[in-house]
Ligand code: BES
Ligand code: ZN
């Protein structure tokens, strides 16, 4: 039995734990299969709790001994934890347990990765380390002794005494168990220092495996920039003498914000120009910032229970998005965020997995680290800031930090802070946390020439979602600007606050009918249903003064032309092609922004649009139309492509900065189109001269598209076979660029490769991820990809339920498709569900997806 019996946990059932903790002392005697964990915990009755049951979580632990106030006890033990009779007064609980890190492939609790010990405790992994009230509202200071032969022995907080074979650590800040961490290994350190705004000296370290020490410098710079940024923008300083980051190869997520000891997936911290793409550098900078920012939004102020996850994650994602916007280009960052939201959150919110930003029930909390909690949670913060304004936002944040420092807080606390600070009633706004589904916003325009009045009539509606049949009107901030017929902005952006299901807003005193630019900057996470023609869109693409909406106009044109190509075999819209030509020729526009303009809605997104319109998407047709539009763009832009490509070559040493990255992005976008015209000639040249991974990988991708990739693929493998992160890219690329009918076979073949290792989540995701992400390949009519995905999920589940469960989401859109495909997917989902001993994680996901 791997999991305790599945149980549904409800937000409404929250009660505080019966005991408070005055201190925790832990000793770890490390051993691959017989690690001993000794704990000593000072408990005292919690005056605010009525239920005095003394239950400590504990899973997969071998209890050696337990004591209360020094006397041996025999607690009652189940596979979920331990219950004991305790005094109605302060007491000391001690336990010794044995665990086996080297056989822990779930990568939760204490485990081993390449001979190094490491931990992952969020959300409920600490209970696999020792018996403890493993809930975020139980906070304590921890003193830890680590005993082992490894050169580096780390835990949270500040270092204490150390000597041969041991090291002491002491964390003066109260924290929940999920922020506990321990690392032990023969690691190499990349050290640095930081002086805080108030003059405190902080030691910074990035610890990596020998051989990776040359890939730490960028991460260290990102850390220092994050520390400075949080001081100046949010007034938050670091609060320990030391900040450690450790890179591990086997990690379920991107990274983890353990107090003073962040643990990172090596893919989220290690970087070098030769091995990392511009996108990797940008992601690393953002993740380092994100985990660092948690020190205040997550650690100093944590969550009362896991239903409040968005309190720390939504806010911290919002903060890392602000950081990226400040470090790089704000409009480009905003477009990237909205692209991610539409690619991940919208399908989630419009399918069987839809849930509120603050869920009200779950079986396995690991299944709720979702795009809705994270990205929609961040959008909610952004709307709040738009509604109250910048100054009031930062004032409210000061109050939040002041009032709740040291607390395990709730969304109610958060909203109350904003109400108290700004004087606004946020009752209706709070619906964004409790009501699931993506609102649809329809618009009708009315122009009254006689009075010079222009009126926008809005209607909002949200389709029903699992468990929620009635939807109330939300408070939607709609940013609107007005343009004149010659493209001049006549009315700067103004925020309309929509509070009713139907609501109209009038602009008066106009001399001519304006062109509105609506939902500027994507001011709310809604779907716009704007009945405007392509001429209007082309006008906005040429003139909108809001960078986001200008891009959006091009995107809408691309989407509409793709839809008519799919539905009616129409030819690509010439207005879109000429508009794109004009934008790409405009060298006043940022290259990164122009590169985004070249993009078009993904095949998955198009399938979603068709399904939303009540049609049945045909993956093969969608794929053909998408390719046809790419061909048409290449032809329409043929006269400017060589120059566009040449102008966007960066000379000199590679720098991962936004300017260089933008040029490379546009250069590579031009290369994509050129490849459709020159049969891969330019790509061959780029491949042979590339001195960085951004150019090398893009060239390899284009060679694969041109059907000329075989030699380069072998050369690439030979060049990089020792680098796990690069080989992950090598695996993924072959599947992403396979023909739809070959995707399943190519994937199956790669799973036989000697370098395929299902125990390593990065490697598993680099092979099985693209299988599910290749829309036309995954949904190929043979159904081969469905059964291959199911095979691998069934194989991985007993080892790593978390990663298995996350990858089930690939099937969340299954009801969009025709009955033949639905039947094929359903058989596979039912086959997974029927697997004996299936984990609680995967069981919950498949059950919800089946609906
Ligand atoms: N706290 C999470 C890591 C985590 C997630 C632990 C799920 C346990 C279960 C961390 O702060 C996080 O959110 N990491 C993200 C990256 C971030 C930039 C959004 C991740 O790992 O993907
Ligand atoms: Zn986070």
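The values are calculated or read from the model by the stated rules, or taken from the named source; none is laboratory data. Keep in mind that this is a model prediction, so the values were computed, not measured. Positions of Cβ are generated from backbone atoms using ideal geometry, with glycine treated the same way; all protein chains shown enter the neighbour counts.
Observations on the model:
- Inside the range 447-487, residues that are assigned to a strand (DSSP E or B) and free of Cβ contacts under 8 Å to residues at least 24 places away in the same chain make up a count of 1.
- Top-ranked residue in the range 246-256 [being within 15 Å of ligand 2 (Cβ to nearest atom) and within 16 Å of residue 283 (Cα to Cα); ranked as surrounded by the most Cβ atoms within 10 Å (Cβ to Cβ)]: 256
- Some residue of the range 772-787 being modelled with pLDDT of 95 or more, in a loop (DSSP other than H, G, I, E, B) and buried (at least 23 other Cβ atoms within 10 Å of the Cβ): yes
- Qualifying residue in the range 462-480 (condition: over 30 Å from residue 360 (Cα atoms) and in contact with a helix residue (DSSP H, G or I) (Cβ under 8 Å, 6 or more places away or on another chain)): yes
- Take the conditions (1) in contact with a helix residue (DSSP H, G or I) (Cβ under 8 Å, 6 or more places away or on another chain); (2) surrounded by 20 or more Cβ atoms within 10 Å (Cβ to Cβ); residue 131 misses just one of them, which is (1).
- Of all the residues in the range 373-410, those that are away from ligand 2 (no atom under 16 Å from the Cβ) and assigned to a helix (DSSP H, G or I) number 22.
- Going through (1) within 16 Å of ligand 2 (Cβ to nearest atom); (2) under 18 Å from residue 337 (Cβ atoms) one by one, residue 262 falls short only on (2).
- Residues in the range 22-39 that are surrounded by 16 or more Cβ atoms within 10 Å (Cβ to Cβ) and farther than 16 Å from residue 116 by Cα: 24, 25, 26, 27, 36, 37, 38, 39.
- Of the helices (runs of 4 or more DSSP H) contained entirely in the range 583-643, those carrying at least 1 residues that are free of Cβ contacts under 8 Å to residues at least 40 places away in the same chain fall at 619-636.
- Taken across the range 560-576, residues that are modelled with pLDDT of 95 or more, under 18 Å from residue 440 (Cβ atoms) and either outside the structural domain of residue 337 (by TED's automatic domain parsing) or assigned to a loop (DSSP other than H, G, I, E, B) (or both) do occur, with at least one present.
- Index of the failed condition, residue 271 passing every other in (1) away from ligand 2 (no atom under 16 Å from the Cβ); (2) more than 27 Å from residue 690 (Cα to Cα); (3) buried (at least 22 other Cβ atoms within 10 Å of the Cβ): (2)
- The single condition among (1) surrounded by fewer than 24 Cβ atoms within 10 Å (Cβ to Cβ); (2) within 17 Å of residue 229 (Cβ to Cβ); (3) away from ligand 2 (no atom under 14 Å from the Cβ) that residue 318 does not satisfy is (3).
One line per residue, one yes/no per condition, for (1) more than 9 Å from ligand 1 (Cβ to nearest atom); (2) under 22 Å from residue 153 (Cβ atoms); (3) in contact (Cβ under 8 Å) with a residue 60 or more places away in the chain; (4) outside the structural domain of residue 182 (by TED's automatic domain parsing):
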position: 244; (1), (2), (3), (4): yes, yes, yes, yes
position: 248; (1), (2), (3), (4): yes, yes, yes, yes
position: 261; (1), (2), (3), (4): yes, yes, yes, yes
position: 266; (1), (2), (3), (4): yes, yes, yes, yes
position: 271; (1), (2), (3), (4): yes, no, yes, yes
position: 289; (1), (2), (3), (4): no, no, yes, yes
position: 292; (1), (2), (3), (4): yes, no, yes, yes
position: 297; (1), (2), (3), (4): yes, no, no, yes
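- Scanning the range 274-285 for residues that are within 11 Å of ligand 1 (Cβ to nearest atom) and surrounded by fewer than 23 Cβ atoms within 10 Å (Cβ to Cβ) turns up just one, 283.
- Residues that are within 16 Å of ligand 1 (Cβ to nearest atom), over 23 Å from residue 205 (Cβ atoms) and free of Cβ contacts under 8 Å to residues at least 12 places away in the same chain number at least 1 in none of the strands (runs of 3 or more DSSP E) confined to the range 115-170.
- Residue within the range 80-89 that is assigned to a loop (DSSP other than H, G, I, E, B), at positive phi and either surrounded by fewer than 20 Cβ atoms within 10 Å (Cβ to Cβ) or modelled with pLDDT under 95 (or both) present: no
- Filter pass, residue 307 being within 29 Å of residue 157 (Cβ to Cβ), more than 13 Å from ligand 1 (Cβ to nearest atom) and at pLDDT 95 or above: yes
- Flag if residue 210 is surrounded by fewer than 23 Cβ atoms within 10 Å (Cβ to Cβ) and part of a strand (DSSP E or B): no
- Considering 342, 319, the condition of being under 17 Å from the mean Cα position of the chain (by Cα), within 12 Å of ligand 1 (Cβ to nearest atom) and modelled with pLDDT of 95 or more is satisfied by 319 alone.
- Condition check for residue 324: in contact with a strand residue (DSSP E or B) (Cβ under 7 Å, 6 or more places away or on another chain) and within 16 Å of ligand 2 (Cβ to nearest atom): no
- Among all residues of the range 216-234, there is at least one that is more than 18 Å from residue 296 (Cα to Cα) and within 14 Å of ligand 1 (Cβ to nearest atom).
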